[in-house]
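Engineer: Structure incoming, see below.
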């Protein structure tokens, strides 16, 4: 199937990738070359839509995932240190 997506923002591009992965021929149209300099999700024009919650919500969400990410990294580091040298050599091959 041939698909046309109007808008090369975060949702348009992620939709185009998914449809392409599913075997569709996808064309994306946007006002400017991607990424657009005035897009709502880039650089100084970044906006947070109040429909999604205020600053406090995003602040808490950021810290939750920041600590979760670091916790996962520590677990992976700890698991690597527990491996014997032969296991590490086998894993590299």
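Bear in mind these aren't lab numbers, they're just calculated from the coordinates by the rules spelled out. Worth saying up front: this structure is predicted, and the values here are computed from it rather than measured. Using ideal geometry, Cβ is built from the backbone for each residue, glycine included, and neighbour counts are taken over all protein chains shown.
Engineer: Given points 7 Å out from each Cα along the Cα-Cβ axis, report the residue 31 to residue 69 separation in nanometres with one decimal.
Structural biologist: In this crude spin-label approximation the distance works out to 3.0 nm.
Engineer: Assuming 0.36 nm per residue, please report the length gained on full extension of the stretch residue 78 to residue 18 beyond their Cα-Cα distance.
Structural biologist: So the extension gain works out to 18.1 nm.
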